[in-house]
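I have placed the structure first, in the form of structure tokens, so that the comments after it can refer back to it.
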Amino acid sequence: MGGMDIKMDIWALYMTAIIVSFMGFAVENLWLCLTKGYMDNRNMCLPFLIGYGMAMFGLLMLLGTPQNPCFLGKPILPEYTRLHRPLYFMGAMLCVCAGEIALGTFVERTCHFYWWDYSKIPLHITRYTSVPTSTLFACAITIFMEHVLEPLYGYFLSWNAQSLRTAAAVLMLLLTGDFLYNACLMYKRQGMVRRWRIDIPCFHPDKDYTRCQDP
């Protein structure tokens, strides 16, 4: 990546982060669909969760990639290539645990509600993270960073420079504005911001979907 023009690098990474933000929105709704039988707007207006895109940036700077793991830019055991992926996986898992606990606790203390609750999941660590969910996230992160990140980034680098800058700037502004606006609403309402919900009874046929159900 470093051989390309730095401005192009940044805009291509922004577009990659935007795709990751959409993937985060899809993953959360898939989890809701499978575990609770519905999908919703995940507190946003747009179908993007920018936290996932920003997490990608953070992991890239903190841990590098599974092929070349590092810590803040310093290579980790470069001569032991067989350990690179396991080390990266463990680092990603620790980051997921720490990030979920930090974000969940922050929302609890500022907005006074539980954004999510893993208390019913075995091996949970506080209500905001658990070994099974963090393992799944770490697996997905490791696969994405090894097999998807570079091709996706390369695809955006192939765009016309002006089109890339315009698309990335506009979308990042929209996603950032959406996040800040709804974060303020969550703080003001001291609760979630639900704009739509789609019940999917086939996943939970025993539930009564004629009544409103809280997450």
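Calculate how large, on average over all directions, the projected area of the Cα convex hull of the stretch 1-140 is; give the answer in nm² to one decimal.
Across all orientations, the stretch 1-140 yields a mean hull projection of 10.2 nm².
Rolling a 1.4 angstrom probe over the protein heavy atoms, how many square angstrom per residue are accessible across the chain?
Accessible surface, normalised per residue, equals 58 Å².
Taking the Cα centre of the stretch 69-210 as origin, work out the dipole magnitude from +1 charges on Lys and Arg Cβ and -1 charges on Asp and Glu Cβ, in debye rounded to 20.
Dipole of the stretch 69-210, to the nearest 20 debye: 320 debye.
Kirkwood hydrodynamic radius, the stretch 47-123, all distinct C-alpha pairs: what's the number in Å?
Hydrodynamic radius (Kirkwood, Cα only) of the stretch 47-123 equals 14.3 Å.
Quick one: if the Förster radius is 25 Å, what FRET efficiency do Arg194 and Leu174 give, using the C-beta to C-beta distance and rounding to 0.05?
FRET efficiency, Arg194 to Leu174: 0.80.
List the trypsin sites (Lys or Arg not before Pro) in the stretch 120-206 that DSSP assigns to loop (not H, G, I, E or B) and whose Cβ has at most 14 other Cβ atoms within 10 Å. Which are they?
Lys120, Arg194, Arg195
Which percent of the accessible area of the chain is formed by carbon and sulfur heavy atoms (probe 1.4 angstrom)?
Solvent-exposed carbon and sulfur of the chain make up 70 percent of the total.
Show that you can apply the helix-only estimate: for the chain, add -39,500 (n - 2.57) for every DSSP H stretch of four or more residues, divide by all residues, and state [θ] at 222 nm to the nearest 500.
The helix contribution divided over the chain gives -20000 deg cm²/dmol.
Tell me the chymotrypsin sites (Phe, Trp or Tyr not before Pro) within the stretch 29-107 that lie in a loop according to DSSP and have at most 16 other beta-carbon atoms within 10 Å.
Tyr80
The values are calculated or read from the model by the stated rules, or taken from the named source; none is laboratory data. Just so it is clear, the model here is predicted, and its values are computed rather than measured. Glycine gets a Cβ as well: all are built from the backbone with ideal geometry, and neighbour counts include every protein chain shown. The area values use the complete protein model at the heavy-atom level, side chains included, leaving out ligands, DNA and RNA. Shrake-Rupley method; radii C 1.70, N 1.55, O 1.52, S 1.80 Å.
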